[in-house]
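What follows draws every value from the coordinates through simple rules; no lab data is involved. Quick caveat: nothing in here was measured; it's all calculated off a predicted structure. For neighbour counting, all protein chains shown are included, and Cβ atoms are generated from backbone atoms with ideal geometry for every residue, glycine included.
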Amino acid sequence: MSDPVLSCRSVRKVFGSRVVLDGLDLDVAEHEVVALIGASGSGKSTLLRCVNLLEPVDDGSVRLDGEDITAPRVNPDLVRRRIGIVFQSYNLFPHLTVLKNVTLAPVRVHRRARADAESSAMALLTRVGLGDYAGAYPDRLSGGQQQRVAIVRALVNAPRLLLLDEVTSALDPELVGEVLAMIRDLKRDGMTMVLATHEMGFAREVADRVCFLDAGRILEQGPPASVLDDPRNPRTRQFLGRLAL
Amino acid sequence: MTTYTVSEVQQERIAFRRKQTVRSVLVAAASTAVLGIVLVVAVTGAPGWDRVKDSFFDLATAREALPAVLRGLWLNVRLLVICTIGAMALGLAVAWARTLRGPVFFPVRALATGYTYGFRGMPLIIVLYLFTFGIPGLRLQGTPSVFWLGAAALIVTYAGYLAEVFRAGIESVHPSQVAAARSLGLTYRQTMRHVVLPQAVRRVAPPLLNDTVALQKDVGLVSLAGLVDGVRAAQIATAQTFNFTPYVLAGVLFVLMAAPLIAVTDWVTLRAARRQGSR
């Protein structure tokens with residue numbers, strides 16, 4: 001097997017006296033989709049934010065394609081160009097149109113010509129059915145449309161790794177489907193993804209591997225069928241049992 | 001498709017609301033009329049009204065003073081335009097300087113912080129005296145005219161306030177916006193320039209305009225340095241005629257001049273409130 005795209009070793013993160021990540025290990029192979037499940041506060045979002053260097057780790061290391069991105073002299077801006085992240089609350093820029101939201105990073109960070117950036121942005125937007133909204137401001141879009149724009153905004157930079165942080169949690173059930181369909185397409189295209197989610201059905205369908213996080217550690221991991229249907233760990237069983245109710 | 005017909009209950013509601021509207025308009029008109037009459041009777045019925053009318057509301061005096069007062073007001077207008085642009089630019093620069101990070105910028109940050117402390121605390125009149133009398137006192141070559149020195153004094157003072165308004169705007173932009181921008185690979189500076197500042201400036205437009213209305217009146221203080229603004233022109237006219245009408249004239253003209261700016265401020269505030277509500 002080739003080297004993992006992402007490799008977390010003994011990652012520790014502390015907020016005040018609260019240990020959020022407690023020596024967590026995780027490898028993600030190329031084209032692999034890993035779903036992180038677990039209760040709120042189990043460290044799913046924090047792990048994603050640490051991988052994207054939005055939060056500095058307090059110990060351990062994170063490697064991207066073998067390069068230690070948590071080393072002292074690494075420029076986080078250069079690392080973030082290679083990792084896309086999508087947030088629960090979309091975080092689109094309200095003062096920019098959909099097209100400008102998507103082309104901001106290609107033009108300013110990747111120094112692509114505006115016309116070139118706009119044509120690839122339009123191609124992606126059209127592909128997810130949002131071509132007609134390119135000139136609209138985010139507040140005119142539904143939550144599901146905004147979230148799809150946010151995914152396009154991350155994708156247009158051709159990231160090596162895509163992090164999805166509970167991207168459907170702020171959406172009502174009718175809008176969840178359109179976002180999940182988009183992620184399904186990304187998997188088909190071979191995008192390497194780590195997604196924190198509460199949608200067990202979706203984790204089962206799209207993930208190659210499910211990791212159950214509890215108190216900042218991965219308690220159990222494996223193919224969706226084994227973790228979700230036949231959990232070994234009592235904590236996993238308890239968590240999944242509550243969801244079934 | 002069938003056309004929608006309004007139900008009877010809804011028709012009743014509409015009729016009731018219409019009646020209520022008519023009633024409130026009538027009540028408002030009546031109470032305004034009563035207040036107006038009371039005011040007019042109280043003022044014109046006062047024992048000294050005839051004297052006051054002659055010395056404050058004399059049309060002939062007003063006509064005579066008008067050209068001088070207008071000339072003075074032209075100075076106010078020019079100063080207002082120059083100082084508004086200057087103070088906003090300087091204020092934004094100072095606010096920006098206060099957000100700079102990294103040890104290299106410590107002196108810039110400290111200077112900017114000291115600036116907002118100093119010039120917000122210092123009375124404007126003292127700054128004006130220092131600039132318009134102190135600087136020429138140095139007898140340097142190429143010292144600008146009193147007009148420009150006065151403008152500079154107003155700019156540095158108002159920039160202190162505007163910098164804080166801008167800073168409040170910068171701080172009001174949610175951290176998740178910064179996180180989103182940084183996650184795309186934008187540097188801190190690019191994030192400020194393309195994501196934070198545009199949102200911040202839009203958000204603080206109403207208070208900025210409000211400070212401009214205040215500036216409109218304060219520019220007249222350059223008359224302390226010998227320039228003749230609208231109010232000083234009125235004062236001179238009053239001193240010549242022993243009649244206070246020129247003051248009233250200048251006051252009315254100031255209000256007329258401020259009205260459009262205040263209307264714009266209200267409109268911008270309303271629009272901002274609506275935008276926020278629609279989110």
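Under the 0.36 nm per residue contour assumption, what length would be gained going from the current alpha-carbon distance of B:ALA168 and B:ARG193 to full extension?
7.4 nm
For the residue pair B:THR143 and B:ILE126, what label-to-label distance in nm results when each label sits 7 Å from Cα along the Cα-to-beta-carbon direction?
It works out to 2.1 nm between the two label points.
Please report, in debye to the nearest 20, how large the charge dipole of the stretch B:160-230 is about its Cα centre when each Lys and Arg carries +1 at its beta carbon and each Asp and Glu carries -1 there.
The calculation lands at about 440 debye.
Got a sec? Charge dipole of chain B, +1 on Cβ for Lys and Arg, -1 for Asp and Glu; which of B:VAL219, B:THR113, B:VAL255 is way out at the positive end?
B:THR113
Using a cut-off of 14 Å between beta-carbons, work out the net charge of the residues near B:ALA110 (Lys and Arg +1, Asp and Glu -1, B:ALA110 not included).
+3
Per 5 Å bin from zero, what fraction in whole % of the C-alpha pairs of the stretch B:133-279 is there, up to the bin with the longest pair?
With a bin width of 5 Å, the distribution comes to 2, 8, 12, 13, 13, 13, 11, 10, 8, 5, 3, 2, 1, 0, 0.
Against the longest alpha carbon principal axis of chain A, how many degrees, from 0 to 90 and to the nearest 10, is the axis of helix A:98-108 turned?
80 degrees
Tell me which lysines have Cα within less than 25 Å of A:LYS13's Cα, excluding those fewer than 8 residues away on the same chain?
A:LYS44
First measure r as the distance between the Cβ atoms of B:TRP74 and A:ASP116, then evaluate 1/(1 + (r/R0)^6) with R0 = 41 Å and state the FRET efficiency to the nearest 0.05.
Given R0 = 41 Å and the Cβ-Cβ separation, E is 0.20.
Where the only charges are on Cβ atoms (+1 Lys, Arg; -1 Asp, Glu), what is the dipole of the stretch B:74-278 about its Cα centre, to the nearest 20 debye?
720 debye
Restricting to DSSP H runs of at least four residues, report the calculated mean residue ellipticity at 222 nm for chain B, -39500 (n - 2.57) per run over all residues, nearest 500 deg cm²/dmol.
It comes out at -26000 deg cm²/dmol, rounded to the nearest 500.
Tell me the angle of helix A:143-155 to the major Cα principal axis of chain A, expressed in degrees between 0 and 90 and rounded to the nearest ten.
Roughly 90 degrees between the two axes.
Could you give me the ³J(HN,Hα) list for the stretch B:159-165, computed from phi with Karplus coefficients 6.51, -1.76, 1.60 and θ = phi - 60°, whole Hz, x at Gly and Pro?
4, x, 5, 5, 4, 5, 5
Taking the Cβ of A:GLY177 as the centre, find all other residues whose Cβ is under 14 Å away and add up their charges (Lys, Arg: +1; Asp, Glu: -1).
-4
Output wanted: per-residue J couplings in Hz (rounded whole) for the stretch B:257-267, from phi through Karplus 6.51 cos²θ - 1.76 cosθ + 1.60, θ = phi - 60°, x for Gly and Pro.
With the stated coefficients, the stretch B:257-267 comes to 5, 6, 3, x, 5, 5, 4, 4, 4, 4, 5 Hz.
Taking the dipole about the Cα centre of the protein assembly as shown, with the C-beta of Lys and Arg at +1 and of Asp and Glu at -1, give me whichever of B:PHE166, B:PHE242, B:LEU209 is farthest to the positive side.
Checking the options against the dipole of the protein assembly as shown, the answer is B:PHE242.
For A:SER89, what charge total do you get from the other residues with a beta carbon under 11 Å from its beta carbon, if Lys and Arg give +1 and Asp and Glu give -1?
Spelling it out: positives minus negatives among the neighbours equals -2.
Taking square-rooted eigenvalues a ≥ b ≥ c of the alpha carbon gyration tensor, is the protein assembly as shown rounded, prolate or oblate, where a/c under 1.5 means rounded and, failing that, a/b exceeding b/c means prolate?
Here the protein assembly as shown falls in the prolate category.
Rank A:ALA121, A:ALA35, A:ALA113 by mean-square fluctuation in a GNM of chain A with C-alpha springs under 10 angstrom and give only the top-ranked residue.
Looking only at A:ALA121, A:ALA35, A:ALA113, the biggest GNM fluctuation is shown by A:ALA113.
Amide H of A:ARG209 versus every other amide H placed in the peptide plane: which residues, excluding those fewer than 5 positions away on the same chain, fall under 5 Å?
Here the answer is A:VAL33, A:ALA35, since their amide H atoms fall under 5 Å of that of A:ARG209.
State, to one decimal in nm, how far the label point of B:ASP266 lies from the label point of B:ARG17, with both points 7 Å from Cα in the Cβ direction.
2.4 nm
Once you have the Cα-Cα distance between B:VAL38 and B:VAL52, take 0.36 nm times their residue separation minus that, and quote the gain in nm to one decimal.
3.2 nm
Calculate the dipole size of chain A relative to its Cα centre from +1 charges on Lys and Arg beta carbons and -1 charges on Asp and Glu beta carbons; express the result in debye to the nearest 20.
Approximately 540 debye in magnitude.
Return the distance in nm (one decimal) between the two label points of a simple spin-label model at A:ARG160 and A:ASP27, each offset 7 Å from Cα along Cα→Cβ.
Between A:ARG160 and A:ASP27, the label points sit 1.6 nm apart.
With everything on Cα atoms, drop me the angle between helix A:234-244 and the longest principal axis of chain A, reported from 0 to 90° to the nearest 10.
The helix A:234-244 is inclined about 50 degrees to chain A.
Which three semi-axes in whole Å describe the equivalent ellipsoid of chain B, each the square root of 5 times a Cα gyration tensor eigenvalue, listed largest first?
41, 40, 13
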